[in-house]
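First comes the structure, then the notes that go with it.
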Amino acid sequence: MKFKILLASVLVIAGCQTTKETTQADTNQSKTVVEQPTNTPVETVVPIVPIIKKTQPVVAQLTPQQQQDVWDRIAMQITTKIPNNKRVQYYRNWYLNNPRNLEIIAQRAQPFLYYITEQVEKRGMPLELALLPIVESSFDPHAYSNMAAAGLWQIIPDTGRRFGLKQNSWYDGRRDVVKSTTAALNLLEYLNKKFDGNWQQA
């Protein structure tokens, strides 16, 4: 924005200089004597025009971590190529035809997404993983499936216990956003190693 204002000011000033009428009293003018055939010297006023060098403005690029919007922060770091097949096309069209669904998911994600994004970044994992709760639970921490999976990450009881999530009649670590995020990312790292670094399979 500052660059645009500065550029507009320079153009206005440059425009004013080229349309300004010249007078003998102008201190920015020089006088040159030109000989006429009649041997009578005549003064000619030659305006001094300042030379403005054209320089490329230096525009600072914000890093993903400097973005104010967490969605922009994630988008800048997504590297996975999206395959073009019928299944992907089906879901893309479904989301495009049901924009209200994404609005609800974005509202639900608001309390959790920044934290999850930070945790994924700290581990150097693909940022796409921060969006997995969209398809797992629609970012509903109270989601519960027919297979007894629970929480944002839809972790089943046995997997939860294997990755340190306590579960009893008073407390279910799968619904604890901090604890379940740690467990889910641990699980994904484990699967990534198991599949020789293939995040798609993980």
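The values are calculated or read from the model by the stated rules, or taken from the named source; none is laboratory data. Just so you know, these numbers come straight off a predicted model, no measurement behind them. Neighbour counts are summed over all protein chains in view; Cβ atoms, including those assigned to glycine, are modelled from backbone coordinates with ideal geometry.
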When residue 165 is evaluated against the numbered criteria (1) out of contact with any helix residue (DSSP H, G or I) (no Cβ under 8 Å at 6 or more places or on another chain); (2) outside any helix (DSSP H, G or I), which criterion, by number, is the only one it fails? (1)
Quick test for you: out of 136, 118, 103, pick the one residue that is of a type in the set (Asp, Glu), within 15 Å of residue 70 (Cβ to Cβ) and within 25 Å of the chain's Cα centre (by Cα). 118
Take the conditions touching a helix residue (DSSP H, G or I) at 6+ places or on another chain (Cβ under 7 Å) and either surrounded by 10 or more Cβ atoms within 10 Å (Cβ to Cβ) or at pLDDT 85 or above (or both) and apply them to residue 88. Does it pass? no
Any residue at all in segment 125-144 that is within 27 Å of residue 198 (Cβ to Cβ), among the small types (Gly, Ala, Ser) and loosely packed, with under 15 Cβ neighbours inside 10 Å? no
Taking residue 180 as meeting all but one of (1) modelled with pLDDT of 95 or more; (2) over 25 Å from residue 102 (Cβ atoms); (3) of a type in the set (S, T, N, Q), write down the number of the exception. (2)
